[in-house]
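Each remark here refers to the structure printed beneath this line.
The values are calculated or read from the model by the stated rules, or taken from the named source; none is laboratory data. Bear in mind the structure is a predicted one, so any value in this text is a computation, not a measurement. Note: ideal-geometry Cβ built from the backbone for every residue, glycine included; neighbour counts use all protein chains shown.
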Amino acid sequence: MYLPDDIIQEIVDYVRQEFGEDPADPASLQPEQVAYRGEFDLDGVPTHYWQVGRNVWATVAPYGDDCYSIDITDVSPTPAPASDAYSTLYVRNFDGDVDLTIPLTASSGGSYSLGRYQPLALPDGEQLEIYAEAHPNSSPPLVFIGINDGDDNQYLRGAVGLSFNYTTRRGSLLLLTLGVVR
C-alpha cells in the first residue's frame, strides 16, 4: 500500500478532528508526538500503526485498490499477555490529572494482590484507600477491588475482569480497571 510523504500530518489532522483539538493550540497533537509502531496483520489486512497518545493508536489500512483509510483505536497492536492484566490495577480520572498504574504483588499460587488497603491521594487533597486482588488461575478468573472513602466503603468482585466508575465524596469520577487488557 502506497502512503504519501505527508501521512503523519494527515494522521495529526485526523486525530485533532476526532478529538476536537484546535490546531492552533500548542497542547494539541503535534507531528513529533506521532511514533510509528509497525505494520500488523489484522484479519488478513496489512495495517500500519502509529502511537498518538498513551493507549491511543492511529491505524492506516488499504481501502480499495489505490486508497487507504485512517482510524483511531485503543487496542494495542501488540497486546499485553493476559497475565499482565491481572498484575496491575489502573486508576484514572476523566479530568486527566490521575493516571496511575499500581502493580500488584504475585503470590506463589499465581494470584496477585495489594496485600492490604493502600492510601490513594487525589490531586484535590481527597484521601481514599484501595485494595485489589486477582486470581487468574481460577476458572473463571476472579478479581476483587475495594474502596474505602470515609464512611462509604465499596467492595466489588467479578469474573474475568472489572472496569468500573466510582464517584468520590468530593465528586471526582475515577475509572478503576483490573483484569482487562488495556
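For the reader, a short list of remarks on this structure follows.
- For the range 1-14, filtered to residues that are more than 18 Å from residue 63 (Cβ to Cβ) and in a helix (DSSP H, G or I), the residue that is farthest from the chain's Cα centre (by Cα) is 9.
- When residue 76 is tested against the conditions (1) surrounded by 14 or more Cβ atoms within 10 Å (Cβ to Cβ); (2) more than 18 Å from the chain's Cα centre (by Cα); (3) not in a strand (DSSP E or B); (4) not acidic (Asp, Glu), the lone failure is (2).
- Spans of strands (runs of 3 or more DSSP E) in the range 124-176 with at least 1 residues among the acidic types (Asp, Glu): 127-135, 142-149, 152-159
- Check on residue 154, of a type in the set (S, T, N, Q) and either within 17 Å of residue 97 (Cβ to Cβ) or in contact with a His (Cβ under 8 Å, 6 or more places away or on another chain) (or both): no
- The set of residues in the range 11-31 that are hydrophobic (A, V, I, L, M, F, W, C) and surrounded by 11 or more Cβ atoms within 10 Å (Cβ to Cβ) comprises 11, 12, 15, 19, 29.
- Condition check for residue 55: assigned by TED's automatic domain parsing to the domain that holds residue 13 and under 30 Å from residue 142 (Cα atoms): yes
- Odd one out for residue 87, checked against (1) modelled with pLDDT of 85 or more; (2) under 30 Å from residue 46 (Cα atoms): (2)
- Restricting attention to the range 90-123, the residues that are aliphatic (A, V, I, L, M) and in a loop (DSSP other than H, G, I, E, B) add up to 4.
- Index of the failed condition, residue 87 passing every other in (1) over 22 Å from the mean Cα position of the chain (by Cα); (2) under 15 Å from residue 177 (Cα atoms): (1)
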